[in-house]
Amino acid sequence: MLSEQQVAAYRRDGVIVVPDVLNASTLAELRRVIAALIAAAAQVSQHDDVYDLEPSHTPAMARVRRIKSPHKVHALFDQVIRSQPVIDILTQLIGPGLRLHGSKLNIKAAQYGSPVEWHQDWAFYPHTNDDVLAVGVLLDDTDLSNGPMLVTPGTHTGPVWSHHGEDGRFCGLIDPALIQAEIERAVPCVGTAGSMSFHHVRALHGSALNTSNRSRNLLLYEVAASDAWPLMGVKDFDEFNSRLLAGPPVVTPRLAEVPVRMPLPPAARQGSIYETQRGATKSYFGKAA
């Protein structure tokens with residue numbers, strides 16, 4: 001359980017890092033599963049429903065930058081987000097009704113792990129209220145050298161910046177020129193493997209290329225209050241309810257006065273944030289050669 005000070009810090013800053021949430025045996029098993037998934041990517045030559053590949057990927061040198069929806073790929077990923085320590089923390093930050101919106105595993109391999117440009121998750125999946133956050137499970141010891149997630153405190157109560165490009169289409173990133181002051185105030189989410197970050201859906205964040213000799217893998221879960229409904233709609237009500245983590249099904253969305261920009265017209269490139277951001281003409285972080 002979180003202390004009152006930790007909860008207050010989340011309310012104030014929109015981000016906290018909680019050490020040692022994941023036990024050593026689960027962490028070791030996750031690493032084993034991930035290694036097997038990366039090895040299996042040698043059989044894949046292009047992005048598919050499971051893999052988002054690094055631009056330098058080849059069958060002879062499997063390079064994966066994301067496992068899509070890992071909670072659907074292996075039961076262990078689903079078990080992590082449903083574990084009692086995580087549910088206890090989420091209940092303190094969001095409330096008793098919880099729903100998994102989605103998951104992803106960002107793999108930042110040593111020397112070439114791709115950056116993620118500055119953005120707000122809220123731009124990708126706005127809801128009827130913003131009691132929504134992302135859980136980041138640190139699968140490696142993470143410090144400034146291996147491309148940690150950077151979050152700007154306090155931006156979760158500010159504006160929703162445009163994530164649209166010059167062509168008017170959604171591109172999944174903010175023009176860096178508009179947020180220079182916010183970038184300068186960003187803080188890294190660092191800690192030992194097994195720690196977890198929790199950042200609000202409207203918090204500004206991004207991460208640089210991993211230029212170190214160590215990997216920086218981050219397992220991410222998007223969690224919403226059960227009465228926060230996605231504005232882009234619910235395609236399958238039974239599947240929607242299958243993602244409940246706590247509390248009963250809800251058919252009355254809670255409406256809050258929150259700023260919203262819809263991710264429409266859709267990005268020219270689909271599949272992941274990496275592909276979506278490739279449609280932008282402006283960027284902040286350097287990329288691998």
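The values are calculated or read from the model by the stated rules, or taken from the named source; none is laboratory data. Just so it is clear, the model here is predicted, and its values are computed rather than measured. Note that we place each Cβ from the backbone using ideal geometry, even for glycine, and neighbour counts take in every protein chain shown.
Can you tell me which of 145, 207 is on the phi < 0 side of the Ramachandran plot, under 12 Å from the mean Cα position of the chain (by Cα) and of a type in the set (S, T, N, Q)? Reasoning before the result, please.
Values: 145 fails: under 12 Å from the mean Cα position of the chain (by Cα).
Criteria check complete, one pass: 207.
Quick one: which of 97, 158, 172, 147 is modelled with pLDDT of 95 or more, farther than 19 Å from residue 271 by Cα, surrounded by 19 or more Cβ atoms within 10 Å (Cβ to Cβ) and of a type outside the set (A, V, I, L, M, F, W, C)? Can you show your working first?
Values: 158 fails: surrounded by 19 or more Cβ atoms within 10 Å (Cβ to Cβ); 172 fails: farther than 19 Å from residue 271 by Cα; 147 fails: modelled with pLDDT of 95 or more.
None of the other options fit; the residue is 97.
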Inset, instruction - Six or more apart or on different chains, Cβ under 8 Å: which pairs go from a residue in segment 19-46 that's free of Cβ contacts under 8 Å to residues at least 60 places away in the same chain to one that's surrounded by 11 or more Cβ atoms within 10 Å (Cβ to Cβ) and of a type in the set (D, E, K, R)? Could you list them? - result: 41/63
Inset, instruction - Go through segment 51-85 residue by residue and tally those that are over 16 Å from the mean Cα position of the chain (by Cα), within 18 Å of residue 221 (Cβ to Cβ) and of a type in the set (A, V, I, L, M). - result: 3
Inset, instruction - Tell me which of these residue 40 doesn't satisfy, since it passes every other one: (1) surrounded by fewer than 11 Cβ atoms within 10 Å (Cβ to Cβ); (2) over 21 Å from the mean Cα position of the chain (by Cα); (3) part of a helix (DSSP H, G or I). - result: (1)
Inset, instruction - Scan 281, 276 and give me the residue that is of a type in the set (Ser, Thr, Tyr) and crowded, with 16+ Cβ neighbours inside 10 Å. - result: 276
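For segment 265-283, check the following and say yes or no: at least one residue is polar (S, T, N, Q) and without any contact (Cβ under 8 Å) to a residue 12 or more places away in the chain.
So the first thing to find is which residues in segment 265-283 are polar (S, T, N, Q), and the list is 270, 272, 276-277, 281, 283.
Applying the additional criterion that residues be without any contact (Cβ under 8 Å) to a residue 12 or more places away in the chain yields 270.
Looking for residues that are polar (S, T, N, Q) and without any contact (Cβ under 8 Å) to a residue 12 or more places away in the chain, one finds at least one in segment 265-283, hence yes.
Here's the yes/no breakdown for (1) surrounded by 23 or more Cβ atoms within 10 Å (Cβ to Cβ); (2) farther than 22 Å from residue 141 by Cβ; (3) of a type in the set (A, V, I, L, M, F, W, C):
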position: 60; (1), (2), (3): no, yes, yes
position: 67; (1), (2), (3): yes, no, yes
position: 107; (1), (2), (3): yes, no, yes
position: 110; (1), (2), (3): no, no, yes
position: 118; (1), (2), (3): yes, yes, yes
Legend entry - Subset tally (residues that are of a type outside the set (A, V, I, L, M, F, W, C) and farther than 21 Å from residue 105 by Cβ) for segment 172-199: 6
Legend entry - Restricting segment 234-273 to residues that are among the hydroxyl-bearing types (Ser, Thr, Tyr) and farther than 30 Å from residue 164 by Cβ, the residue that is surrounded by the fewest Cβ atoms within 10 Å (Cβ to Cβ): 252
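It is to be established whether one or more residues within segment 119-137 are part of a loop (DSSP other than H, G, I, E, B) and aromatic (Phe, Trp, Tyr). Give the derivation first.
Going residue by residue through segment 119-137, those that are part of a loop (DSSP other than H, G, I, E, B) are 120, 124-126, 128-131.
When the remaining residues are screened for being aromatic (Phe, Trp, Tyr), the result is 124-125.
Yes, segment 119-137 contains a residue that is part of a loop (DSSP other than H, G, I, E, B) and aromatic (Phe, Trp, Tyr).
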Legend entry - Unmet criterion (only one of (1) more than 22 Å from residue 15 (Cα to Cα); (2) in contact with a helix residue (DSSP H, G or I) (Cβ under 7 Å, 6 or more places away or on another chain)) for residue 233: (2)
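Any residue at all in segment 183-199 that's of a type in the set (Val, Ile, Thr), modelled with pLDDT of 95 or more and under 28 Å from residue 25 (Cα atoms)?
Our first condition is that a residue be of a type in the set (Val, Ile, Thr); within segment 183-199, this holds for 183, 187, 190, 192.
Those still in the list that are modelled with pLDDT of 95 or more too: 183, 187, 190, 192.
Retained after the next criterion (residues that are under 28 Å from residue 25 (Cα atoms)): 190, 192.
Looking for residues that are of a type in the set (Val, Ile, Thr), modelled with pLDDT of 95 or more and under 28 Å from residue 25 (Cα atoms), one finds at least one in segment 183-199, hence yes.
Quick check on this structure: which one of 104, 72 is basic (Lys, Arg) and part of a helix (DSSP H, G or I)?
On the way: 104 fails: part of a helix (DSSP H, G or I).
Exactly one of 104, 72 is basic (Lys, Arg) and part of a helix (DSSP H, G or I), namely 72.
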Inset, instruction - Select from segment 145-183 the residues that are part of a helix (DSSP H, G or I) and within 26 Å of residue 196 (Cβ to Cβ) and list them in ascending order. - result: 145, 146, 155, 156, 157, 182, 183
Inset, instruction - Considering every residue within segment 54-64, establish whether at least one is modelled with pLDDT under 90 and in a strand (DSSP E or B). - result: yes
